[in-house]
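This report refers to the structure that appears directly beneath it.
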Amino acid sequence: MRAIIIYMYLIDSHCHIHDRSCYNHALSRQQIGRKLLKGYPDFPHEPDDFIPEKIIVRAHDAGIKKMICIGTSHEDSLNARDFAEKYHADGVFWSYGIHPDEASELQSPFGKRLATTGASAQASPVTTGRSEARLPKGTLNSLAPALVAIGEVGLDYHNDANRPAQQKLFERMLQLALDYDLPLIFHVREAFDDFFAMLDNFPSARGVVHSFSDNRENLIKSLDHGFYIGVNGLSTFAPELPIADIPLDRILLETDAPFLTPAPFRGTINEPARIREICAHVSKLKGESEADIARITTKNAEQLFHI
Ligand SMILES: [Zn+2]
């Protein structure tokens, strides 16, 4: 057991613990090794283990004092808002975002006019106009103390993406962040060129590139934009990622729970308590103590999100 330094605490800057359907999906897919269960007979693996109260208690016991629930659609964001309202005293915050995967079939105050046909999906024009759509102010203001960011938003060209629809949506999200003076949580996958091109119209955008999974060149460009970089369980099983090249004062720790469980717990369901494993891994990669990683990444998250 590692020594826990009592005055040190950690932050999970990106999780989905408000989203029961994510947990049900993860529960249906978990494959807990017999060996692992033998070593940890009390290891959480039953549906009952993943009720919010227990997840939050395990997080607090592991020294994770604050966690941000990330919205991925209009409805999911409002769920995150309600969850953060209920558990705000336990250190739960939320973000409003519509994930790029939602761009083609939006059912939200933004969506009605966004969907475009897939015919020009490969043309990939980078839009330049300002958005005219606005969320009713009350939607986001009603829980102002716990709303900390706009995200996750961005571009994801991995599957058959409707690129123009994603770009329109992303532009609206960038404008929303500007309107509310909030940082952004970016989801960018195989789309960094268009991502950087679109940011030219939003030079004051600030935020974190969540779950960074690209090359060194795009890492440096992200850092040059002043962004933080979100490091999660991927770093423990994807050694090719240039995590060691990220300056410590730009790293945010995140789980993306219930997904992306860090080693050595692959095959189990992820949760904010696993930030400790990610912290330990970053400590090895950076050659710094876990206490320093905890202290600095916590400070980074508090500075970016004002929490
Ligand atoms: Zn996520």
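The values are calculated or read from the model by the stated rules, or taken from the named source; none is laboratory data. Keep in mind that this is a model prediction, so the values were computed, not measured. Heads up, the Cβs are rebuilt from the backbone with ideal geometry, glycines too, and the neighbour counts pull from every protein chain shown. With ligands, DNA and RNA removed, areas are computed over all heavy atoms of the protein, side chains included. Shrake-Rupley method; radii C 1.70, N 1.55, O 1.52, S 1.80 Å.
Residue-wise HN-Hα couplings along segment 178-193, as the Karplus relation 6.51 cos²θ - 1.76 cosθ + 1.60 with θ = phi - 60° gives them from phi, are 5, 4, 9, 6, 10, x, 10, 10, 8, 10, 10, 9, 6, 8, 5, 4 Hz; Gly and Pro carry x.
Quick one: pull the percent of accessible area on segment 29-96 belonging to carbon and sulfur, 1.4 Å probe, ligands and nucleic acids left out. Result for segment 29-96: 51 percent of the exposed heavy-atom area is carbon or sulfur. Computed about the Cα centre, the dipole magnitude for segment 208-307 is approximately 140 debye when only Lys and Arg (+1) and Asp and Glu (-1) carry charge, each at its Cβ. Label positions at ASP160 and GLU53, each projected 7 Å from the Cα along the C-beta direction, are separated by 4.6 nm. Which log10 I(q)/I(0) values, to two decimals, does segment 200-273 give at q = 0.18 Å⁻¹ under the Debye formula with one point per Cα? The Cα Debye sum returns log10 ratios of -0.71. For each pair in LYS65/LYS221; LYS65/LYS284; LYS168/LYS299; LYS38/LYS66; LYS66/LYS286; LYS86/LYS221, compute the distance between the two Cα atoms and list the pairs where it is over 28 Å. The answer is LYS65/LYS221; LYS168/LYS299; LYS38/LYS66; LYS86/LYS221.
Within the shell of other residues whose beta carbon sits under 11 angstrom from the beta carbon of TYR228, the net charge comes to 0, with Lys and Arg scored +1 and Asp and Glu -1.
Ratio of Rg to Rh for segment 1-101: 1.01 [Cα atoms; Kirkwood radius as inverse mean 1/r over pairs].
Converting phi to 3J(HN,Hα) with the Karplus coefficients 6.51, -1.76 and 1.60 and the offset θ = phi - 60°, segment 150-155 yields 9, x, 8, 9, x, 9 Hz in sequence order, with x at every glycine or proline. Working from Cα pairs under 8 Å separated by at least six residues, relative contact order for segment 223-278 is 37 percent.
Given R0 = 25 Å, the distance between the Cβ atoms of ARG20 and GLU85 translates into a calculated FRET efficiency of 0.95. Computed from the alpha carbon positions, the gyration tensor of segment 184-307 leads to an equivalent ellipsoid with semi-axes of 23, 16, 14 Å, biggest first. Computed in the context of the full set of protein chains, the accessible area of segment 189-288 at 1.4 Å probe radius has 47% of its extent on carbon or sulfur. In a fully extended conformation the segment linking LYS284 and LEU223 would gain 19.8 nm over its present Cα-Cα distance, using 0.36 nm per residue. Each of LYS299 and PHE237 was given a label point 7 Å from its Cα along the Cα-to-Cβ line. The distance between the two points is 3.3 nm.
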